[in-house]
Each structure stands twice: as C-alpha cells, then as structure tokens.
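The values are calculated or read from the model by the stated rules, or taken from the named source; none is laboratory data. Everything quoted here is computed from the prediction, not taken from an experiment. Here the Cβ is made from the backbone with ideal geometry for all residues, glycine too, and neighbour counts use every protein chain on show.
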Amino acid sequence: MTDTTTASFAPRHAYLALWLPRIEAVVIPLAALISGLLVFSLFLLALGKSPVEFYSLIYKAGFSSGFSWKNTLSRVAPLLFAALCVALPARLGLVVIGGEGAIVLGGLAAGITGAMLIGAPAGIAMLMMVLMSALVGALWIGGVGWMRVKRGVNETIASLLMAYIGIALLNHFVEGPFRDPASLNKPSTAQLPDALRVGDMPIGIEVHWGFGAGVVACILCWFILDKTTIGFAARITGQNIRAAQVQALPVGRLIIGFTAAGGALAALAGFFEVSAIHGAANGSLIAGYGYTGILISFLARHNPLAIIPVAILLAGFEASSGLIQRRMDLPDATILVLQGIVFVILLLSETLYGRLAIFRPSYWRV
Amino acid sequence: MSMQFGDFKALDNVTLRVKAGSFHALLGENGAGKSTLVKCIMGFQAPTQGGLLVGRREARIKDPVDAQKLGLGMVYQHFTLVPSLTGKENLVIARADAPHVIDWRAETARLEEFLARMPFQAPLDRPVTDLSAGEKQRLEILKQLYLGSRFLILDEPTSVLTPNEADEVLTHVRALCQEGGLSVLMITHKFREVDQFADHVSVLRRGKLAGSARVGELSNAELTRMMIGEEFTPQETQRTKTGTHVMLNLRAASAPDQSGLKTIKIEDLKVHAGEILGIAGVSGNGQKDLMEILTGQKKLSTGAIEVDGKPYCANREESQAAQIRFVPEEPLQNACAARMSVAENLGFRNFDRTRNGGWKLLANKADLQAQGMRLIEEFNIKTTSAHSPVGVLSGGNVQRTVLARELSGDVKVLVVANPCFGLDVASVTAIRSRLIAARNRGVAVLLISEDLDEILELSDRLMVMYEGKVAFEAQTRQTTSSEVGTYMAGG
C-alpha cells in the first residue's frame, strides 16, 4: 500500500489514475493493429509481394480521392451497425458474434415487407420496413440473450450457430415463397420501387443515409452506455455479475434488453443494404459484415464512439480489395487474412491490460 | 513446522506425530491451520521453517510427486476422479509412471490381484459419474492405496457423504489401519467420527498445536475447549437496548443447497431492530445458501421473507424501499467490480436513485465522485485516489469500501457474512465497531460468521447452523463457547 493518507489526495495522482487507463485503452489496440500490419507484411514478403505497394494501394483505393472516400464510406454503414451488435452485449460481459444472422434476416424482413406494401403510402411502407427489420433482429439476438438468462446457454456459440440458421432461412425464403419470378439469375424478393429506396445524403459525396443513421446510432449508444444509469448498471453486471445480483440489479432484463437492442441495430444494416444498395433481399446480403463488425468492436474496445473511425478504416481495407486483386494478383480473400491476423494479435493484446508498469500511477511518482 | 504468510502465522511451530498403523484425527476451527499443515506435508507449499520425517528419515518434499514417491497420499474434500472414465481407467491413469501405451489386459490382472488383497471393493467397470458418493470415496481411497500410499491424509472425507456412507467408508479405513500397513491423518469437524473411528486426536488452534491425546482420554467438552480456546468473556461494549420490532423475518423457508443433494430448512429466523443475530457454524453447513436466499440469488422452494412486516422479494425497487443491505463474504469477489474505481464501487447502491429514492435515467459522475470522496474520508479508506480501481486496495480497505457503501444513508436491515475474514487487526477492530454502532442506531444486523469469537463478541443472540438447519439458538450472554462449539460439531 501507499503512504498517502486518505485525507489529502495528491491531485496529480488522481489525475493519473483517471487518465492512464484511458491512454492504455488507446495505445494497446493501436499497437496491436500496427503489429498486425507488420506481421501481415511478412506474409506478403513470403509470397514475394511488396508490403509497401500493398499499403499504398489501400490508401489509394480507400482514402486518397473523393471517389475512393465514396467507395469507403458507402461500406461503413453496415459495419457500424454490426459492430454495435457486438459492443452493446460486450458491456455486459457477453461475446455475441452472430450479428451476421440478424443482418441477413433484417434485410430479408425489410425486403418482404417492402414487397408486400408496394402501392401503400411510401412513408408508412418505409417505416414498416424499418420496424419489421428491427423487430426480427431484436427477436433473433434477444433470443440468444433470453437463452443465456433462462437456460445458461453460451451466447457466443448460440449466436454463431444461429447465424447459419439465419442464412439458411434467407436462402429458403428468397428461393421459395418470396421469390420474384422476374429474378432469373439471382433469386431475390420483388424489386422495390424507387419510393422505397433510401437515397444519398446531401453532403457532396454519394453516400446513402445508412452512414448518417449508423453514426447517430453510435453516438446514441455511447450516450446510453456512458451517461445513463442503465449503462452504469450494465457495466457493473459485466464486471461482476454477483455484485450486480447482490445489489438486486435487474441482470436478466439487462441481458435480454441489450442483446435485443444489438440485434435490432444489426438488422438495420440489413435494411439499408436492401433499401439503399440492392433494391431487394437476396444472397448479396451474406457479405460477412457481421464478422468484420466483431473485429471493429474489439479494436474499438467496445466503445461506440471509437467504432466510427475504426469502421471507416476497415471499410477502406475492404474497398481496396478489388484494386489489390487486379494490381497485385492477390486473391480478394487477402484482406480476410489481414483481418484475421489483426484479430488474433488483438486478442493476445487483451492480456496486457494492467500488466504494463508504464500505465500504473506508481510508475510516474517522483 | 511453521508457515508464515506475510505477517500472518498460519502455522506456529506445530509438531505432529502419527504412529504407524494409527488413525489420527486432526481437529480445528476454520482457519486453524489444518489445510496449511497438510499442504506443507504434501508439498503444495513449502514451510518457512521445520521439516518432515517419514519413517525415521528426513524427507525433502518439493512437490506432490515427491510425496507420492514417499508413499504419502491425500484424499481431497472434493472428488478428483475423472467422471467420464471408469474406475479402472481412473486408477491406471493416476499412476505417476502410467505408460503412454497401456496394456489393458496386464493392468486388469494387476488390479484384480490388488483388489483381492483389499478389505473393500469399488465397482471398476462403470463410469465414475454413475457411482454413488460413497462408492466414489471408496474408489478415491483405493486409488491412493493402489498408488502405494502408506500414509493417507483424508481432508473432511465425509462432508460429501450421507451418514451411512460415511460410517461404511470410515469402518473400512479403520480396518486397514488395524491390519497395519496404513496410517491415516483425517481432518474433520465432527466429534462423532473422532469418537467412533480414530485412535489418536490432535487439535490445532490459531496455527498452534492446542493438544494431542489418545481418543477416550479427553471428553468432548475438553476437545471443544482446545478447539475454541479459553472460555470467551465478551467485552462489555456500550449497547443500547434491543428493540422488539421484527425487522427481518424468514419463515418456514426451504431451498436446495449448492450440491443439490441436501436441503436448507429454516423454520423461523427473526432479527429485531437494534439487535445483532449471529449465525455460527462450520463452513459449508448452509450459511452461503442462507445469504443467497436473502439476496435473491437463490429462490426459495417454500416459505417467505418479510422485511419490516412486508413481504420482500429482492428486486432493486424493493430492496431500496426496504432499506436492506448486504455485505457478502469475500467482498472483492462478491460485492465489488475490481476494475471499476473506488468512487464507482461506492456508488453501486444509489447511482440510479434521485434524492427521494426514485429511479433516474441520467448518471451523474460528479455526484458519484463527490460521494466517493466523502465516504473515503468518513470511513477512513486508504486509497491513493477515488479514481483508483478498487482491486488494488488491501483486503481491509476493500471491506471498508463495501461497508461504507452499505452503511451510509438510512438502513433498516444489514446482512453480513464473514466480514473480518483474512483482515489485519486494525481493520477487524474498525469493522466490528462499525457493526456495533449500526446496531446501536437501531439497525437489525444478521451476522453470518465462521469465527465463533466474532459471534460471541458481537451478537446479542445466536443460532448455530448444522447441515442446513438451525441446530441451536440462545441469548449470547446465557451460553458458553463450549456449548455452542458442541452444536457446531453436530454434538
């Protein structure tokens, strides 16, 4: 213990105790990301390719011009929502990795609802698409939380396996009951009329409203987690569920509520994919956004505000995969290899928290 | 043999002799040093001083493998068999020299020959999960004998058995000792087992050897006195008169215990305003379950809880309205979030409450911080800052943090479990005087503790829990520690 007495706090100490953990939470994931990029460079060298060319192509295709920014930002929306589906349950100590299921089913619900409401007033039809999509996602991932609370089913495995069921359901419905006879090559639900398509935001670059909605959702989630008593209760539960139970906090309701909210958000990613990009629900919804969202949320330390820049960075990586494929003669799965390496190193870096002396207040004592 | 952890002497110059072929019982309260002693014998811990003689030779035991080579074996309180394997497979894999490729025919022959020499059997061909607790315990003992153990430590071997199973297993063990070739040191809390099966008994108290004798030379009363020490005379603390108003009432309550095998049954437990009711008992007799029932972590099968005359069902609104507070044992594991700051931990109880006790949505960090600074000062919590994570504080200061949280504001009922376990003297004194002060303010205090001295010092009235039931109840002034101790040991 220290010799400091309780009555007189050293203000410098209080300052360090407050800020060092925050600095730690930025430095460690950043270091993990950079190490991941370095390890991936070795992988490229082993293939006889130039890492410098690789990273400059990412910059070129993802971030260098108005066109590349458009390319990047148009991919950000689903990643933001998918990452929130990981970050919200993570606050309760749950690892939900099946956001992909909620995305495809949310998209399916939006596509079907839109197809059934062709001819109805566009405002109402659009609202119904959003609501049905969110409802399906909330039930899907909320169901994972419910199984956790009532039956102790592991939420990680349950959500992952349910994602496969979700994908199978999508395929079943777009190839069977809800297939538009006009969709010959790619089975889809009925094409949505222009009135039910989400347009671009008036910001000078062609980016659909999903990006704005995703950013707002991140800010909203940050507010709930950081500024409300609900967020605080969730943090206690995530840090020590027994302490939360002794304080009689509604642990079960928190778990079901947070997982349902995460699922609803992930489903909105599906809604925007259908309404803004594809115009109908089909196999294109299965794009792996749910899995990239896991990496983003972990890199952002499950902080909804940090999710925004991390998602933009990762979207840039994905946007560049086509160019890399053409210029460097690498398969487009190369980006997945990069993401996998970064993720493994990131998980390893989790063990460093609290272990590095430089982040302890005592290190800085004079 | 001595063992020191920091400033704490867990074992203080203890000498113990177990004669060849004897069945030696080791008695002592929780924390008397029994576990530390056997851990040192088995090589899990290295004693700070002293040594071990096996036979007549000095033995150097660095780890449990050395112990096994010398013929020392231990049967643990909980089973260490692999549940999915059969008895035979368990015996073979336990060998230190188990080969990588096992010749099952040869092993089976060896085992059969071994079992033929044994006075009791255990089923070898069924998976261990299908065996009863008694069969498993026999298999554990056979395993040790098969490994060539000539000296066996049994750590509360009957705590997981029914009385009949316990008698059967101990009868077999005793028979083995009488044949010679096996010596046993058994840790126990139960006088009945000592009387019926052991031939020697030693008592540890606070890390020291309190006495050693042949069974029969000492009466149970004398053994109790050795275990518990001199007759405890409670210091007269300033006490206000106990109220008559029943604050906490647990009626006709029953619930399954942690193992799911036994039942917790409490007919009638009342705590009055301005009273400390102590619940004494050896650990594992249902005290944890009682705490969980009261906090709502465990559902009652029958019965009801009332706080201040109103039915209580442990949700946040009710617990706030009823002003019932809990300080569970091991506060860092059960009542704090180690990585959250001291101020945040101090705010767990009221972070979502307005001044009038209603629910609020927006958290106020400045208020939490200010409350944290105030409570740190008031309860004398030693921390470098209110932002420090509570996990870096010493045990005493973690406990002060929890008490500060639960004793601030208006309190009607306080339920505390082992509040001073493992703390230094200064913290113990401070925490006990807080509890007395709360009582004098009119709080109804339920004190669950494994430390009998603590119960005798603090409580106005006490109950003893034994095997999930209330075995004894008395006004603290009108009873003696030996009387209570006898009930704790099931006498």
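Residues of region B:140-154 that are of a type in the set (Gly, Ala, Ser) and under 14 Å from B:Leu115 (Cα atoms): B:Gly148 alone.
Selection of region A:142-188 for residues being of a type in the set (Lys, Arg) and outside any loop (DSSP other than H, G, I, E, B) yields A:Arg148, A:Lys150, A:Arg151.
Residue-by-condition table, conditions (1) farther than 30 Å from A:Phe359 by Cβ; (2) small (Gly, Ala, Ser):
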residue: B:Ser394; (1), (2): no, yes
residue: B:Val398; (1), (2): no, no
residue: B:Val402; (1), (2): no, no
residue: B:Leu407; (1), (2): yes, no
residue: B:Val416; (1), (2): yes, no
residue: B:Asp424; (1), (2): no, no
residue: B:Ile431; (1), (2): yes, no
residue: B:Arg434; (1), (2): yes, no
residue: B:Ala437; (1), (2): yes, yes
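Does B:Glu330 fit the bill of being at the interface with chain A (Cβ under 9 Å from one of its Cβ atoms) and surrounded by fewer than 20 Cβ atoms within 10 Å (Cβ to Cβ)? Spelling it out, it is not the case that B:Glu330 is at the interface with chain A (Cβ under 9 Å from one of its Cβ atoms) and surrounded by fewer than 20 Cβ atoms within 10 Å (Cβ to Cβ).
Of all residues in region B:402-419, those that are in a helix (DSSP H, G or I) and over 23 Å from the mean Cα position of the chain (by Cα) total 4. The sole residue among B:Ala314, B:Ala321, B:Ala304 that is assigned by TED's automatic domain parsing to the domain that holds B:Ser408, closer than 18 Å to B:Leu446 by Cα and not in a loop (DSSP other than H, G, I, E, B) is B:Ala304. Those strands (runs of 3 or more DSSP E) of region B:427-483 in which at least 3 residues are assigned by TED's automatic domain parsing to the domain that holds B:Ile279 and surrounded by fewer than 19 Cβ atoms within 10 Å (Cβ to Cβ), considering only elements entirely within it, cover B:469-475. The residue that is nearest to B:Gly28 (Cα to Cα), counting only those in region B:212-235 that are modelled with pLDDT under 80 and not in a helix (DSSP H, G or I), is B:Gly229.
If you go through region A:117-148 and pick out every residue that is more than 17 Å from A:Leu105 (Cα to Cα), crowded, with 17+ Cβ neighbours inside 10 Å and β-branched (Val, Ile, Thr), you end up with 0. Put simply, of B:Val443, B:Val402, B:Val428, B:Val411 the only residue that is more than 9 Å from chain A (Cβ to nearest Cβ), over 20 Å from B:Gln320 (Cβ atoms), in contact with a helix residue (DSSP H, G or I) (Cβ under 9 Å, 6 or more places away or on another chain) and among the aliphatic types (A, V, I, L, M) is B:Val428.
Consider region B:318-327 and keep the residues that are in contact (Cβ under 8 Å) with a residue 40 or more places away in the chain and not basic (Lys, Arg). The one that is nearest to the other protein chains (Cβ to nearest Cβ) is B:Phe326. For the condition away from chain B (no Cβ under 14 Å), at pLDDT 95 or above and under 28 Å from A:Phe317 (Cβ atoms), A:Gly270 qualifies. Every listed requirement among (1) away from chain B (no Cβ under 14 Å); (2) under 30 Å from A:Val153 (Cα atoms) is met by A:Ser321 save one, (2).
Screening B:Leu346, B:Leu277 for residues that are under 28 Å from the mean Cα position of the chain (by Cα), surrounded by 20 or more Cβ atoms within 10 Å (Cβ to Cβ) and touching a residue at least 60 places away in the same chain (Cβ under 8 Å) leaves exactly one candidate, B:Leu277.
So which of B:Gly395, B:Gly468 is of a type outside the set (A, V, I, L, M, F, W, C) and at positive phi? Unique residue meeting the criteria: B:Gly468.
Taking the criterion of being assigned to a loop (DSSP other than H, G, I, E, B) and within 12 Å of another protein chain (Cβ to nearest Cβ), the residues of region B:349-371 that qualify are B:Arg349, B:Asn350, B:Phe351, B:Asp352, B:Thr354, B:Gly358, B:Lys360, B:Leu361, B:Ala363, B:Asn364.
Out of curiosity, is B:Leu294 within 11 Å of chain A (Cβ to nearest Cβ), of a type in the set (A, V, I, L, M, F, W, C) and closer than 30 Å to B:Gly485 by Cα?
Numbers: within 11 Å of chain A (Cβ to nearest Cβ): yes; of a type in the set (A, V, I, L, M, F, W, C): yes; closer than 30 Å to B:Gly485 by Cα: yes.
Yes: the conditions hold for B:Leu294.
Looking at B:Pro157, B:Pro123, just one residue is crowded, with 18+ Cβ neighbours inside 10 Å and assigned by TED's automatic domain parsing to the domain that holds B:Glu89, and that residue is B:Pro157. As for region B:246-255, it holds no residue that is surrounded by fewer than 16 Cβ atoms within 10 Å (Cβ to Cβ), at pLDDT below 90 and within 14 Å of chain A (Cβ to nearest Cβ).
Which condition breaks for A:Ala311 when tested against (1) among the hydrophobic types (A, V, I, L, M, F, W, C); (2) touching a Leu at 6+ places or on another chain (Cβ under 8 Å); (3) closer than 30 Å to B:Gln297 by Cβ? Result: A:Ala311 fails condition (3) only. When region B:333-348 is limited to residues that are of a type outside the set (Gly, Ala, Ser) and at the interface with chain A (Cβ under 9 Å from one of its Cβ atoms), the one that is farthest from A:Tyr353 (Cα to Cα) turns out to be B:Phe348.
Within the set A:Ala248, A:Ala276, A:Ala233, the sole residue that is in contact (Cβ under 8 Å) with a residue 12 or more places away in the chain and facing another protein chain (nearest Cβ under 10 Å) turns out to be A:Ala233. Residues in region B:297-311 that are over 13 Å from B:Ala253 (Cα atoms) and either surrounded by 14 or more Cβ atoms within 10 Å (Cβ to Cβ) or at the interface with another protein chain (Cβ under 9 Å from one of its Cβ atoms) (or both): B:Gln297, B:Val307, B:Asp308.
The residues of region B:414-425 that are touching a helix residue (DSSP H, G or I) at 6+ places or on another chain (Cβ under 9 Å) and on the phi < 0 side of the Ramachandran plot, listed by number, are B:Leu414, B:Val415, B:Val416, B:Ala417, B:Pro419, B:Cys420, B:Phe421, B:Leu423, B:Asp424.
Here region A:15-53 is the region considered, the condition is being touching a residue at least 24 places away in the same chain (Cβ under 8 Å) and touching a Leu at 6+ places or on another chain (Cβ under 6 Å), and the residue that is farthest from A:Val337 (Cα to Cα) is A:Ile28.
Yes/no per residue for (1) buried (at least 20 other Cβ atoms within 10 Å of the Cβ); (2) assigned to a helix (DSSP H, G or I):
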residue	(1), (2)
A:Gly262	yes, yes
A:Ala266	yes, yes
A:Leu305	no, yes
A:Leu314	yes, yes
A:Arg327	no, yes
A:Pro331	no, no
A:Leu336	no, yes
A:Gly340	no, yes
